[in-house]
Amino acid sequence: MEPLRLFDTLSRQLKPFSPVVPGTVGVYTCGPTVYDYAHIGNLRAYVFADILRRVLEYNGYQVRHVMNITDVGHMTSDSDDGEDKMVAGARRERKSPEELAAMYTGAFFADLALLNIKTPHVVCRATDHVPEMIAVTRRLLELGHAYEIGDGIYFDISTFPSYGSLARLDLQGQQAGARVEVNREKRHPADFALWRRADPSHLMQWDSPWGKGYPGWHVECSAMGMKYLGDRIDIHTGGIDHVPVHHENEVAQSDAFAGHRVVQLWMHNEFLLVDGGRMAKSLDNFYTLTQLTERGYHPLSYRYFCLNAHYRSKLNFTWETLAGAQTALERLWGRVAQLAGDNGPRVESLEAELRQRFQAAVNDDLGTPQAMAVLWEVVRKEVPSGSAALLLSEFEAVLGLDLDRAPARRVGSTGEVPLEVKELVAERARARKARNWPLADALRRRIEELGFVVSDTPDGTTVQPAR
Ligand code: AMP
Ligand code: ZN
């Protein structure tokens, strides 16, 4: 098998992959800030992380995938200015931050399920980990990496000489060209908040050694990453926009805390564009997965569309290319339906050659476009039907396009309930507990789209395949 090579953002190089503990891989993915629906640009980041996980599994590694849910502390500007996005969202929707988080977390997991994105082994909410964030902040203060000013505790980047190396930042230039600082007490414009004091009217606040307040966004990921994956994390993923602030800050906090390099490999996906510019909530140029399905597109057409581009290439979204992806996927599914259960002829030497090329593609920094080309050869070429059926089901483990079951057969005849559906049922239970009926109904509809029915009985909720 071709050795796995992955691109490392820090060194800007392709590197042969080898985990800290042989055979197992810890992956941390920055999760969504749940103040609104995820747009399909955000979802590109999770399709990428899912492909990474599946390729690692395909290589025989046992993966532990951790993803956070940011439900406090992410300010309207990625640096520390502005207002907490959750607080602003709660006001916009006349909900409590908790209701807002429950609603959009549920919607997010519904999207993941529809995109065949495997549920991470650990999903951790920032608001459930405030004590861990306080512990990291306290330690950074003790070590002299942080200082206290009027509105909170800040990381002192001058104590971390390699600060800026992930994004290759020009800190000197930043210092000289700094605009009038909102917070004049900060020692350097790039110093960032670990803990913010909150006035009594602030919607989300916790006790801390420094008075009531709330954690900074960056320390959330350091604290939760190290809690669930230890202080040597094999791979950390996120979108490219996270490099200059969020991840640069995470490196500084985590490495200063642990006294050594915590994240071994940083991986970032490029942007999904629309009309040549970044798709972003703040630019109001985004689409959600629901908008795609409302226009008649299958969610997996969007997954197919993403796999057709390399994760480190910019990808422009147009309805035409999505339509092209859908047509191609339907053709693939048509072929899958013909091959279903085929025990026809096989040619093992041809299987070995195609398998080798598929592996070489995905092991070359997740080369999904090349892997898709091999997939199409299996479908188009004169590959004997038994071999084609076998290869399609093997490739499916990486691609996640339902190639082993035509859409109409999504519900296995075994009656087994997949993990994604269980996750949706659990989210629905949380929504019902929070008396969030619109979300509970939306989740029920998603569960039904996946071919299952939920029934609420006096003995509890049951879920079973639809007849
Ligand atoms: P957020 O909910 O804003 O924290 O973003 C969730 C994820 O989406 C992060 O990993 C971002 O880097 C990523 N992201 C945001 N916009 C885009 C985009 N247009 N294309 C690809 N990834 C994006
Ligand atoms: Zn993060």
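The values are calculated or read from the model by the stated rules, or taken from the named source; none is laboratory data. Note that the coordinates shown come from a computational prediction; the quantities given were computed from them, not determined experimentally. Don't worry about glycine lacking a Cβ; one is built from the backbone with ideal geometry, like all the others, and counts go over all protein chains shown. Areas reflect the complete protein model, heavy atoms only, side chains present, ligands, DNA and RNA absent. Shrake-Rupley method; radii C 1.70, N 1.55, O 1.52, S 1.80 Å.
Odds and ends about this structure:
- Residue check, Asn343 part of a loop (DSSP other than H, G, I, E, B) and on the phi < 0 side of the Ramachandran plot: yes
- Residue within the stretch 265-281 that is outside the structural domain of Met67 (by TED's automatic domain parsing) and in a helix (DSSP H, G or I) present: yes
- All positions within the stretch 73-101 that are under 18 Å from the mean Cα position of the chain (by Cα) and modelled with pLDDT of 90 or more: Ala101
- Test: residue in the stretch 28-45 that is open to solvent by less than 10 Å² (accessible area, probe 1.4 Å), more than 15 Å from the chain's Cα centre (by Cα) and not small (Gly, Ala, Ser): no
- If you filter the stretch 19-33 down to residues that are touching a strand residue (DSSP E or B) at 6+ places or on another chain (Cβ under 8 Å) and more than 8 Å from ligand 1 (Cβ to nearest atom), you find that the one that is farthest from Val87 (Cα to Cα) is Gly23.
- Cβ-Cβ under 9 Å pairs, at least 6 apart or on other chains, the stretch 230-257 side under 18 Å from Thr137 (Cα atoms) and away from ligand 2 (no atom under 13 Å from the Cβ), far side in a loop (DSSP other than H, G, I, E, B) and of a type in the set (Phe, Trp, Tyr): Ala252/Phe160; Ala252/Tyr163; Asp255/Phe160; Ala256/Phe160
- A single member of Leu229, Leu169 is more than 16 Å from ligand 1 (Cβ to nearest atom), open to solvent by 10 Å² or more (accessible area, probe 1.4 Å) and touching a helix residue (DSSP H, G or I) at 6+ places or on another chain (Cβ under 8 Å), and it is Leu169.
- Residues considered: Ala256, Ala252, Ala223. Of these, the only one that is more than 23 Å from the chain's Cα centre (by Cα), within 23 Å of Ile157 (Cβ to Cβ) and either in a helix (DSSP H, G or I) or not assigned by TED's automatic domain parsing to the domain that holds Ala126 (or both) is Ala256.
- Qualifying positions in the stretch 321-343 - under 27 Å from the mean Cα position of the chain (by Cα), more than 14 Å from Asn308 (Cα to Cα) and open to solvent by 70 Å² or more (accessible area, probe 1.4 Å): Glu330
- Taking the numbered list (1) assigned to a strand (DSSP E or B); (2) at pLDDT below 95 in turn, Leu194 passes all entries but (2).
- Taken over the stretch 166-191, the residue count meeting the criterion of being at pLDDT 70 or above and small (Gly, Ala, Ser) is 2.
- In the stretch 282-292, residue nearest to ligand 2 (Cβ to nearest atom) [restricted to those that are open to solvent by less than 50 Å² (accessible area, probe 1.4 Å) and assigned to a helix (DSSP H, G or I)]: Leu289
Yes/no matrix, rows are residues, columns are (1) open to solvent by less than 10 Å² (accessible area, probe 1.4 Å); (2) closer than 24 Å to Phe48 by Cβ:
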residue	(1), (2)
Ala88	no, no
Lys95	no, no
Leu100	yes, no
Leu115	yes, yes
Ala126	yes, yes
Ile134	no, no
Arg139	no, no
Leu143	no, no
Ser165	no, yes
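- Any chance Arg44 is more than 15 Å from ligand 2 (Cβ to nearest atom), assigned by TED's automatic domain parsing to the domain that holds Ile153, in contact with a strand residue (DSSP E or B) (Cβ under 9 Å, 6 or more places away or on another chain) and outside any strand (DSSP E or B): yes
- Annotation note: of Val454, Val362, Val374, the sole residue that is buried (at least 18 other Cβ atoms within 10 Å of the Cβ), modelled with pLDDT of 80 or more and within 25 Å of the chain's Cα centre (by Cα) is Val362.
- Residue count for the stretch 237-260, restricted to those that are over 9 Å from Ser222 (Cβ atoms), within 13 Å of ligand 1 (Cβ to nearest atom) and surrounded by 20 or more Cβ atoms within 10 Å (Cβ to Cβ): 6
- Yes/no for Tyr297 being under 30 Å from Pro32 (Cα atoms), among the aromatic types (Phe, Trp, Tyr) and assigned to a helix (DSSP H, G or I): no
- The C-beta contact set for the stretch 5-20 (first residue within 16 Å of Arg261 (Cβ to Cβ), second residue among the basic types (Lys, Arg), distance under 6 angstrom, 6+ apart or interchain) comprises Asp8/Lys15; Val20/Arg232.
- Just one residue in the set Arg64, Arg12 is over 20 Å from Leu166 (Cα atoms) and of a type in the set (D, E, K, R); that residue is Arg64.
- Test result for Ala406, at pLDDT below 80 and touching a Phe, Trp or Tyr at 6+ places or on another chain (Cβ under 7 Å): yes
- Qualifying residue in the stretch 360-374 (condition: touching a Gly at 6+ places or on another chain (Cβ under 9 Å) and not in a helix (DSSP H, G or I)): no
- For the residues Trp210, Trp195, the requirement of being aromatic (Phe, Trp, Tyr), more than 30 Å from Leu329 (Cβ to Cβ) and open to solvent by less than 10 Å² (accessible area, probe 1.4 Å) singles out Trp195.
- For the stretch 301-308, the count of residues that are at pLDDT below 95 and either assigned by TED's automatic domain parsing to the domain that holds Glu449 or away from ligand 1 (no atom under 16 Å from the Cβ) (or both) is zero.
- Here Phe271 qualifies as more than 16 Å from ligand 2 (Cβ to nearest atom) and aromatic (Phe, Trp, Tyr).
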